[in-house]
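To keep things clear, I will list the structure first and then write my remarks on it.
Every number here is computed from the coordinates shown, using simple stated rules; none is lab data. All of these numbers come straight from a predicted model, not from anything done at the bench. As a convention, Cβ positions derive from the backbone with ideal geometry for all residues, glycine included, and neighbour counts pool all protein chains shown.
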Amino acid sequence: MERFQNVLQRLRLAAGRFMLGRNGMDQLNYALLWAYLGVCVVRAIVVALTRSLFVARAFDVLTDVVLVIMAFRILSRNLPKRQAENMRFLDGWRRVRRLTDGAVRRHKDKTHKYYTCKQCGTICRVPTGKGNIIITCPKCGAKIQAKT
Ligand SMILES: [Zn+2]
């Protein structure tokens, strides 16, 4: 038992030495891992439905590509470049989260209606139950016809 633990510890040290100076797992790699698992699930469903060998192969290529990118990023020694990629990914992810969070909140809000200004893209909030009204965009002053 003690011997087994020694082997485990040596393996862990060796793995640590091997990974020294390499990128390892970051948020982008975890996202790739989830994407990989997601594609595997979709592959299983689609292949079960279509029974197509071609579809199965196409999904295999996709999952292989994701795994190769992930392995490359884990083992990469070009840390500045990998960290820049990860930051770009996190920025994009935060932007998507802001958009979806906002959409969910607006959907739940039954006492207001939301109109997007066609000129500047500002979202204008108006209370419901006021009939047909004209909204003036607070940012650019454009008039928006609204049915509340
Ligand atoms: Zn506007």
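Side notes on the structure shown:
- Among the residues making up the stretch 114-132, those that are within 16 Å of the ligand (Cβ to nearest atom) and either outside any strand (DSSP E or B) or touching a Ser or Thr at 6+ places or on another chain (Cβ under 6 Å) (or both) are C117, K118, Q119, C120, G121, T122, I123, V126.
- Condition check for L90: away from the ligand (no atom under 16 Å from the Cβ), touching a residue at least 24 places away in the same chain (Cβ under 8 Å) and either in a loop (DSSP other than H, G, I, E, B) or not small (G, A, S) (or both): yes
- Total residues in the stretch 37-81 satisfying the condition of being touching a helix residue (DSSP H, G or I) at 6+ places or on another chain (Cβ under 6 Å) and basic (K, R): the figure is 2.
- When the residues of the stretch 1-51 are filtered to those that are outside any helix (DSSP H, G or I) and more than 19 Å from R77 (Cα to Cα), the one that is farthest from the chain's Cα centre (by Cα) is M1.
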